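Note sheet for the following structure.
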Amino acid sequence: MKALMYRGPGEVSFENIPDAILPGEYGAVIKTSLCSICGSDLHPYHNDLGARDYCMGHEAVGEVVEVGSEVLNFKVGDRVLIPASIGCGRCLPCREGQVILCQSHPSFRAYGQGDPTIPGCQAEAVSITAADNNLFHIPESFSDELAIMLTDSLATAWFCARRGRIEPGNTVAVIGLGPIGLQAAMAAFAMGAAQVFGIELVNERREVAEKLGVQTFHENAQEMVMEATKGKGVDVVLEACGGEVTTNIAIDLVRRGGRISQLGVTVEPVVKFSLMNAFFKNVEFYTGVCSVQAEVPHLIDALLSKKLDSRIIEDTITHRMNLS
């Protein structure tokens, strides 16, 4: 089958690789109908993170073409979305959807992230272990373009907003209006935020955010947000960049007793942190990796109930191309 293989920084090739095979009686094989690129795929592309020679990608939807004898919830022909995160399906955290806390594996597992035993989804087919825990049926009314957003990006944005415990009437600041930040702003509104501010340097992203009702800033952003909140700061900051500068901006912007939800993935393993600033503000600070399995049911409900606008979410897709 054809797939995209990462061979080193700046080196991704379209190749023939061995066909995806059924990984046991609890597994499945999915024929990919749509896959996409995550911002975290850019990290190894631009920087040598050590691993190479693996199939990339962890966002895909497709059709079941083979299932193991012990798979209960899926059959050949089903349309499915593949969560980026992978769980064993047996331990209590996995059964509750919290696959990042999987007790069978000591570290985070996702497709196409450098482990050659877990090939990526930027391929014509994908092998799925523990299929009953690591697949979701796509509702009939959902397009592939909508469903693929649930595999990682929209789920991660929702996770970010949920961890910030956004409540009706809250003021929210989103730092970084890339795909995740834009969808985090949508999630904030869906959860009842009265006002959402966005901080972003790229003009095109600000324009998209403004259409969503976000008030955006790029110059003197901290001063502008503080002025808009009469010097109090916002109730919740959603930080979608992950850098040292933006993490400390989040601490500056949040009000006393407020909450920060930080999920931007950084290539810097250690950053300087304004601990005393956060300390004297009594700030609640959350960070972590999204367990997609835990968020998808909530997202399906929000989309079916129109709290989230599927058309707007589909419109965040800007480019379409062949796998080659």
Task: Inter-residue pairs, beta-carbon under 6 Å, first farther than 16 Å from H298 by Cα and in the range 123-139, second basic (K, R), 6+ apart - done: E124/K2; A125/K31
Task: Of all residues making up the range 111-120, the number that are on the phi < 0 side of the Ramachandran plot and either outside any loop (DSSP other than H, G, I, E, B) or under 15 Å from the mean Cα position of the chain (by Cα) (or both) - done: 2
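Can you tell me which residue among E96, E63, E70, E25 is among the acidic types (D, E) and closer than 19 Å to D144 by Cβ? Before the answer, list the steps.
Numbers: E96 fails: closer than 19 Å to D144 by Cβ; E70 fails: closer than 19 Å to D144 by Cβ; E25 fails: closer than 19 Å to D144 by Cβ.
It is E63.
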- [ ] Could you name every one of the strands (runs of 3 or more DSSP E) located completely within the range 1-81 that has at least 3 residues being closer than 27 Å to N133 by Cβ and open to solvent by less than 80 Å² (accessible area, probe 1.4 Å)?
- [x] 2-8, 28-35, 60-67
Open item on the list: Return the pair list, or none, for Cβ contacts closer than 9 Å from residues in the range 11-31 that are on the phi > 0 side of the Ramachandran plot and touching a residue at least 24 places away in the same chain (Cβ under 8 Å) to residues that are of a type in the set (D, E) and open to solvent by less than 90 Å² (accessible area, probe 1.4 Å), at least 6 apart or on different chains.
Closed with: G24/E70
Task: Index of the failed condition, P106 passing every other in (1) open to solvent by 60 Å² or more (accessible area, probe 1.4 Å); (2) touching a residue at least 24 places away in the same chain (Cβ under 8 Å) - done: (2)
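Just checking, how many residues over the range 90-110 are in a helix (DSSP H, G or I) and more than 19 Å from F159 (Cβ to Cβ)? Don't jump to the end; show me each part of the working.
Taking the range 90-110 and keeping what is in a helix (DSSP H, G or I), we get 92-95, 99-101.
Subsequent filtering for residues that are more than 19 Å from F159 (Cβ to Cβ) retains 92.
Of the residues in that region, 1 qualify.
Go through the range 113-142 and give me each residue that's small (G, A, S) and open to solvent by 60 Å² or more (accessible area, probe 1.4 Å).
The first filter runs over the range 113-142 and keeps only residues small (G, A, S), leaving 114, 120, 123, 125, 127, 130-131, 141.
Within the range 113-142, just S141 meets the criteria.
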Open item on the list: Conditions first: (1) more than 19 Å from the chain's Cα centre (by Cα); (2) within 14 Å of V196 (Cβ to Cβ). M276 passes all but one, so which condition is the exception?
Closed with: (2)
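The values are calculated or read from the model by the stated rules, or taken from the named source; none is laboratory data. A quick note: this is a predicted structure, and the numbers were derived from the prediction, not measured. Every residue, glycine as well, gets a Cβ built from its backbone with ideal geometry; the counts of neighbours run over all protein chains shown. Remember, those area values only see protein heavy atoms, side chains included, never the ligands or the DNA or RNA. Shrake-Rupley method; radii C 1.70, N 1.55, O 1.52, S 1.80 Å.
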